[in-house]
1. Return the only residue of SER203, SER188 being of a type outside the set (A, V, I, L, M) and surrounded by fewer than 23 Cβ atoms within 10 Å (Cβ to Cβ).
2. Can you pull out every residue in the range 70-86 that is charged (D, E, K, R) and assigned to a loop (DSSP other than H, G, I, E, B)?
3. Which residue is surrounded by the most Cβ atoms within 10 Å (Cβ to Cβ), if the candidates are limited to the range 57-69 and must be assigned to a helix (DSSP H, G or I) and of a type in the set (A, V, I, L, M, F, W, C)?
4. Among the residues of the range 116-145, how many are loosely packed, with under 15 Cβ neighbours inside 10 Å and in contact (Cβ under 8 Å) with a residue 60 or more places away in the chain?
5. Of the conditions (1) loosely packed, with under 13 Cβ neighbours inside 10 Å; (2) modelled with pLDDT of 75 or more; (3) in a loop (DSSP other than H, G, I, E, B), ALA54 fails just one. Which one is it?
6. For the range 11-51, give me each residue that is exposed (fewer than 15 other Cβ atoms within 10 Å of the Cβ) and not in a helix (DSSP H, G or I).
7. Which of the residues that make up the range 276-308 are among the charged types (D, E, K, R) and modelled with pLDDT of 85 or more?
8. Looking only at the range 124-157, which residues are over 25 Å from the mean Cα position of the chain (by Cα) and part of a helix (DSSP H, G or I)?
Amino acid sequence: MDKAMTKYIAKRLAISLITLFVIIIVLFVMIRSLPGTPFNSERMTDAQLAAANAKYGFDQPLLVQFVMYLKDMVTGDFGISFTLYKNVSVASLVGNAAKISFIYGIAACIFGTLVGMLLGVIAALKKNTIWDTITTTISVLGVSIPSFVFALLMVMIFAYELKILPLQYSNRNPFFSSILPVLALSMSVIANVARFTRTEMISVLNSDYITLAKAKGLDGRTLILKHALRNGLIPVITILGPILVNLMTGTMVVEQICGVPGLGKLLINGISANDYDIVLACAFLYAVMYIVIVFVIDVSYGLIDPRIRLGRG
């Protein structure tokens, strides 16, 4: 690795860490500024409420609370649940929920990418035919309609009306319980990948080297798989990073609709219950995932294109 690349990675890492620190400050101030406290029980007297606030440091100045939280967070202690799961470690709650959300996001990304590529290639090869129109229509719908709307429609059709899939997530049957949410999340991936694949494949198929390969008598299968598809997918790979980010951060409502015990559902329940530490840990983890993926994309660009890492700006 040359000096320019090392400097580029160090700069991007520094920017990521600074951004993450600023996000922690903003999240902490916003969450601690919410009206009410985690101890909103009407049964608690003023003395009991004051004792609970003193026990967990909520009676301290905001700066002192932030420093205390930051020290604990560095050691992996994200506090405990005050309301939803009495005195249960937030780190374990968030860890278990994040595993499910991560699996769903990866599954939706893989499935959506494969289907989107297939539709895009078909649309490019069958340009200006009914197949091209169908693919374009699917792409427009997938981009225009939010994932949670697809989730509601599929739950209503396949779970409520036809009763061929579970209505809510079940630990006894996790595979079939995962079909509806994964399909709902993959719709935007299918739409975006199909659009980009179609556009790039049409451009590649009209290029000079493809014309030359055809003139040499190369069979259609080899032409498409080894030449056109390989070059046409480079821009498609570029958009997978932002797509994965959107999947990771866009599962909240879908998880709530399908009853999936993932990170999104935990965050929404934490907000509803005013459970400070759960909300802060979930939001922080979303920020970390976003920043890590963007960092990997930036470094990948630097490795692929030397002009990026050598550029001033």
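1. Details: SER188 fails: surrounded by fewer than 23 Cβ atoms within 10 Å (Cβ to Cβ).
So the residue among SER203, SER188 that is of a type outside the set (A, V, I, L, M) and surrounded by fewer than 23 Cβ atoms within 10 Å (Cβ to Cβ) is SER203.
2. Residues of the range 70-86 that are charged (D, E, K, R), as a first pass: 71-72, 77, 86.
Matches in the range 70-86: ASP77, LYS86.
3. It comes out as PHE66.
4. Here the count works out to 1.
5. (3)
6. Residues satisfying the conditions are SER33, LEU34, PRO35, GLY36, ASN40, SER41, GLU42, ARG43, MET44, THR45.
7. Filtering the range 276-308 down to residues among the charged types (D, E, K, R) leaves 277, 298, 305, 307.
The one that is among the charged types (D, E, K, R) and modelled with pLDDT of 85 or more: ASP277.
8. So the first thing to find is which residues in the range 124-157 are over 25 Å from the mean Cα position of the chain (by Cα), and the list is 124-134, 157.
Passing the criteria: ALA124, LEU125, ILE130, TRP131, ASP132, THR133, ILE134, ILE157.
The values are calculated or read from the model by the stated rules, or taken from the named source; none is laboratory data. Quick caveat, the model's predicted, so the values are computed rather than measured. Ideal geometry is used to build each Cβ from the backbone, glycine not excepted, and the neighbour counts take in all protein chains shown.
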